[in-house]
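Values in this text are rule-based calculations from the coordinates and carry no lab data. Given the structure is predicted, the values throughout are model-derived calculations rather than measurements. All Cβ positions, glycine included, derive from the backbone under ideal geometry; neighbour counts span all protein chains shown.
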Amino acid sequence: MATRVPPVLNLAVLCSYVEFDAEQEPFSLVEPTHTLRIEPTADGKLPGPEMALYVQFDDERALGTFWFSIEVRTGSGIVLPGGRSRPVEITFDGQPDPLQLREEVFPVRGVVFPEPGRYHVHVMCNHLSLHSREQTQPPLRVRVLPAERT
C-alpha cells in the first residue's frame, strides 16, 4: 500500500474573485486583497464580503486523497464565526505534470470579523494547517478596518 503524502503549499492569494478560462482553469485573480474596509453593523461587527482564495500546490510528491478547507482565524488562532469553509476532497495521483501547477479556488463567504484588526487565513489539509511546515509560507494575513460612513 502506498504512503499518503500531502502536497506542499506554494501560494495563497485572497482576492475579490477569480476569472476562469474556457477550460475552467483559473485565469485571472481580480483585486488581490490585503486590507478590507467594511461597513460595521449596528452592533459593531464587520461582515466580510464574498471573496475567493486562490491556492497553488506543489504536487510533485503528493499522493493520496485529502480534505481541504479554509479557516479565517484571529491572531491567537480562534476560528471566526463563518470562518471555516466546507471541506473539499482533492486527490493527488503521484503523476504530476511538471508544466502544470495544481490550482484550486476556495470560496470565502459568511465571515464575520468581531472587530478591526489583523486576521490570518489558513489553508487546511485534513484538519492541519499547511502553514505549519518549515518550508511553507506563514498564514496569509488580512487587515480589517471599519469603512468610513458616507
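Data overview
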| item | result |
| --- | --- |
| The chain - percent relative contact order, Cα under 8 Å, separation 6 or more | 30 |
| Top of PHE106, PHE20, PHE68 by mean-square fluctuation, Gaussian network on the chain, Cα under 10 Å | PHE20 |
| Most mobile listed residue (VAL72, VAL108, VAL18) in the chain, GNM with C-alpha springs under 10 Å | VAL18 |
| Neighbour-count order for MET51, MET124, fewest beta carbons within 10 angstrom listed first | MET124, MET51 |
| Per-residue Cβ neighbour rank within 10 angstrom, fewest leading, ILE78, ILE90 | ILE78, ILE90 |
| Efficiency of FRET between THR65 and SER16 - r from beta-carbon atoms, R0 41 angstrom, step 0.05 | 0.85 |
| Cβ-based charge dipole, the chain, positive-most Cα from VAL18, PHE68, SER28 | PHE68 |
